[in-house]
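The values are calculated or read from the model by the stated rules, or taken from the named source; none is laboratory data. Since this is a predicted model, take the numbers as computed values, not measurements. For neighbour counting, all protein chains shown are included, and Cβ atoms are generated from backbone atoms with ideal geometry for every residue, glycine included. Please note that ligands, DNA and RNA were not included when accessible areas were found on the heavy atoms of the full protein model with its side chains. Shrake-Rupley method; radii C 1.70, N 1.55, O 1.52, S 1.80 Å.
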Amino acid sequence: MSRLAAGVVLVTAVEPPLDEDVGMTATAFVSVSLDPPLVLVSLRSGSRMDDLLTEQPLWGVSVLAESQRHVAGRFAMKGRISDRLLFADLPYTRGELTGAPLIGGALATLECRTEQRVEAGDHTLVIARVLTAAFPSPEGAPLTYFRGRYRHLG
């Protein structure tokens, strides 16, 4: 599957009891339906984001631009520092409906509400309704991931 190029997104949510922002880089993110507007993200079962989205139905997605490789890498690190520090120097706004951080300079941002969770092998497929969509930087090129590395089109 490393031969399949994928777009790169940052999935974000607010952890309710701590009111802490959490983020995760994902390449397994797709549009499922236009009517109603549905998207799907695949999360490693038992990961922090999988556990969080079990409890928190509202979350956000920032579709990263090729200039945001550092953001993708930061939130994909294994054994990383606290999420609070990962967000510290990043420009972002809060989603009006979800409160989730939405990264400035992203090609698109979505606010989502989980509608269904499907266990699939060692992953959970989270299907969500898109509540809002915006295009902060619609003219940029997308960040892509291919053969284990971040790439740019062209």
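A single member of 67, 47, 42, 62 is over 20 Å from residue 97 (Cβ atoms) and in contact with a strand residue (DSSP E or B) (Cβ under 6 Å, 6 or more places away or on another chain), and it is 42. Of the strands (runs of 3 or more DSSP E) lying entirely inside segment 79-125, those containing at least 2 residues that are hydroxyl-bearing (Ser, Thr, Tyr) and under 29 Å from residue 138 (Cα atoms) are 92-94, 108-120.
Scanning for something over 14 Å from the mean Cα position of the chain (by Cα) and exposed (fewer than 15 other Cβ atoms within 10 Å of the Cβ), does segment 100-113 turn up at least one residue? No; the residues of segment 100-113 include none that is over 14 Å from the mean Cα position of the chain (by Cα) and exposed (fewer than 15 other Cβ atoms within 10 Å of the Cβ).
When you look at residue 129, is it at pLDDT 95 or above, open to solvent by 50 Å² or more (accessible area, probe 1.4 Å), outside any loop (DSSP other than H, G, I, E, B) and more than 16 Å from residue 13 (Cα to Cα), yes or no? So residue 129 fails the test.
Can you find a residue in segment 5-15 that is over 23 Å from residue 118 (Cβ atoms), touching an Asp or Glu at 6+ places or on another chain (Cβ under 7 Å) and not in a helix (DSSP H, G or I)? Yes, some residue in segment 5-15 is over 23 Å from residue 118 (Cβ atoms), touching an Asp or Glu at 6+ places or on another chain (Cβ under 7 Å) and not in a helix (DSSP H, G or I). Under the condition of being open to solvent by less than 10 Å² (accessible area, probe 1.4 Å) and either closer than 15 Å to residue 129 by Cβ or not polar (S, T, N, Q) (or both), the residues counted in segment 53-72 number 8. Figure legend. Inter-residue proximity from segment 33-50: first residues in a loop (DSSP other than H, G, I, E, B), second residues open to solvent by 30 Å² or more (accessible area, probe 1.4 Å) and hydrophobic (A, V, I, L, M, F, W, C), beta-carbon distance below 8 Å, spacing 6+ or different chains. Indicated pairs: 47/24.
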